[in-house]
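The values are calculated or read from the model by the stated rules, or taken from the named source; none is laboratory data. Note that this is a predicted model, so its numbers are computed, not measured. Neighbour counts run over all protein chains shown; Cβ positions are idealised from the backbone, glycine included.
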Amino acid sequence: MALTLPLGEASDQDKWDNGGLERKRQLLIEIVLRSRLTALMVDGDTTCWVLEQELLRSYGVQTLGVDNGRDAIDLIASDAAFNLIIIEKILPVLNGLEVTRQICEIGMRCKMLAVTAYSGESERQAFLATSVDVFIEKPLDLEHLVPILRELDRQ
Amino acid sequence: MDLAALKTQLKNFVQSMFEEGVLDNQFSQIQALQDSTNPNFVEEVITLFCNDAERIINEINRNLGYQNVDFSNLDSYVHQLKGSSSSIGANRLKLACANLRQASDERNKEGCLQAVQLITCEYCLLRRKFQALLHLERSIVELETNQK
């Protein structure tokens, strides 16, 4: 199954200009996913997780978002399964580092991507030690996301 | 003004925001996510962001109003504002957060007060420009709807 971006039917439906669809193709790297992937966004900031969700949805990834660490743990402890978890370091109730530790203890296996506003080396090392696969500063960018989606699709 | 002229005006206005450093390339990505299946995405995100940013700036000011400032609380707010600014492409606002973070790390209340003034200025500038951008967008939608 070749998955393409939801490009719309014709440029006259694009709100920006006649080159808008081409611009979209250039800005959003086009990839082909064979699998239906699922992702959980854990971020206390609504703007961030709305953007991350929409970015993932544009690639056909089914997404769910929670705004605190406790809800994330409760969801995973109730056997909800995800291919990818995107998690912020600073969260209400339970911080991101503790959430990733508990996810590992529960035994859930998935790709984990920590996306945070400020990334220091000590935080990076602490997250990577909990089996987070990638640790980056916001914004969530395609250079990090697309290789992860391709890898998940191959599995 | 006709539709083509409005679209050109909008395009030029957004371009000027890039050139002034008010926005960075991350905003282009947000624009690219808007399409016929999600026609109001840019407006929705801008509205969300502005509501959150104003709330955070108010909380920061409230914290700095106390004699004993809770700097760890302040850190969380700066973290959040920087994160959402980065995510929407609000470049100058994102950079202004760095000053506040540094002052907060140094537990420098006076420095924090100065930094939050800059953040407030940058946010007000951004909000004005976002309002103008959305006004142009709505005018375009109205004209397109009338033409159908």
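Here B:Thr37 meets the list (1) over 11 Å from the mean Cα position of the chain (by Cα); (2) of a type in the set (Val, Ile, Thr); (3) over 16 Å from B:Asn99 (Cβ atoms); (4) away from chain A (no Cβ under 12 Å) almost entirely, failing just condition (4). Taken as a whole, the condition of being farther than 19 Å from B:Ser87 by Cα, within 14 Å of another protein chain (Cβ to nearest Cβ), β-branched (Val, Ile, Thr) and buried (at least 17 other Cβ atoms within 10 Å of the Cβ) applies to A:Val61. Number of residues in the stretch A:105-122 that are farther than 23 Å from A:Thr47 by Cα, modelled with pLDDT under 90 and in contact with a strand residue (DSSP E or B) (Cβ under 9 Å, 6 or more places away or on another chain) equals 1. Filtering the stretch B:35-53 to residues that are exposed (fewer than 13 other Cβ atoms within 10 Å of the Cβ) and assigned to a helix (DSSP H, G or I) leaves only B:Asn51.
Taken together, the residues in the stretch B:1-22 that are part of a helix (DSSP H, G or I) and within 16 Å of the chain's Cα centre (by Cα) amount to 7. Please tell me if B:Gln9 is within 12 Å of chain A (Cβ to nearest Cβ), more than 16 Å from A:Ala117 (Cβ to Cβ) and at pLDDT 95 or above. In short, yes. Residues that are at pLDDT below 80 and more than 11 Å from every other protein chain (Cβ to nearest Cβ): does the stretch A:32-42 have at least one? Within the stretch A:32-42, one or more residues are at pLDDT below 80 and more than 11 Å from every other protein chain (Cβ to nearest Cβ).
Of the residues that make up the stretch A:69-80, is at least one at positive phi and either more than 13 Å from chain B (Cβ to nearest Cβ) or modelled with pLDDT of 90 or more (or both)? The answer is yes, given that some residue of the stretch A:69-80 is at positive phi and either more than 13 Å from chain B (Cβ to nearest Cβ) or modelled with pLDDT of 90 or more (or both).
Taking the stretch A:43-57 as the range and being crowded, with 24+ Cβ neighbours inside 10 Å and part of a loop (DSSP other than H, G, I, E, B) as the test, the residues that pass are A:Asp43, A:Asp45. For the stretch B:84-109, a residue qualifies if it is in contact with a helix residue (DSSP H, G or I) (Cβ under 6 Å, 6 or more places away or on another chain), more than 14 Å from B:Leu125 (Cβ to Cβ), in a helix (DSSP H, G or I) and within 10 Å of chain A (Cβ to nearest Cβ), and the qualifying residues are B:Ser84, B:Ser86, B:Ser87, B:Ile88, B:Cys97, B:Arg101.
Each row is one residue, and each column tells you yes or no for (1) touching a residue at least 24 places away in the same chain (Cβ under 8 Å); (2) touching a Lys or Arg at 6+ places or on another chain (Cβ under 9 Å); (3) over 24 Å from A:Leu140 (Cα atoms).
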site: B:Val45; (1), (2), (3): yes, no, no
site: B:Ala53; (1), (2), (3): yes, yes, no
site: B:Lys109; (1), (2), (3): yes, no, yes
site: B:Leu125; (1), (2), (3): yes, yes, yes
site: B:Ser139; (1), (2), (3): yes, no, yes
site: B:Gln147; (1), (2), (3): yes, no, yes
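Remark: pairs (first residue in the stretch B:5-34, within 23 Å of A:Asp141 (Cα to Cα); second residue of a type in the set (Val, Ile, Thr); Cβ separation under 7 Å; 6+ apart in sequence or on different chains) = B:Gln26/B:Ile88; B:Phe27/B:Ile88; B:Ile30/B:Val42; B:Ile30/B:Val45; B:Ile30/B:Ile88; B:Gln31/B:Val42; B:Gln34/B:Val42.
To keep it simple, each residue is scored yes or no on (1) part of a helix (DSSP H, G or I); (2) buried (at least 20 other Cβ atoms within 10 Å of the Cβ).
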site	(1), (2)
B:Ile60	yes, yes
B:Asn68	no, no
B:Tyr77	yes, yes
B:Lys82	yes, yes
B:Arg138	yes, no
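Of everything listed in (1) over 22 Å from B:Arg55 (Cα atoms); (2) surrounded by fewer than 22 Cβ atoms within 10 Å (Cβ to Cβ); (3) out of contact with any Ser or Thr (no Cβ under 9 Å at 6 or more places or on another chain), the single unmet condition for A:Ala72 is (2).
With respect to the conditions (1) within 14 Å of chain B (Cβ to nearest Cβ); (2) in contact (Cβ under 8 Å) with a residue 12 or more places away in the chain; (3) over 12 Å from the mean Cα position of the chain (by Cα), A:Ile106 falls short on a single one, namely (1).
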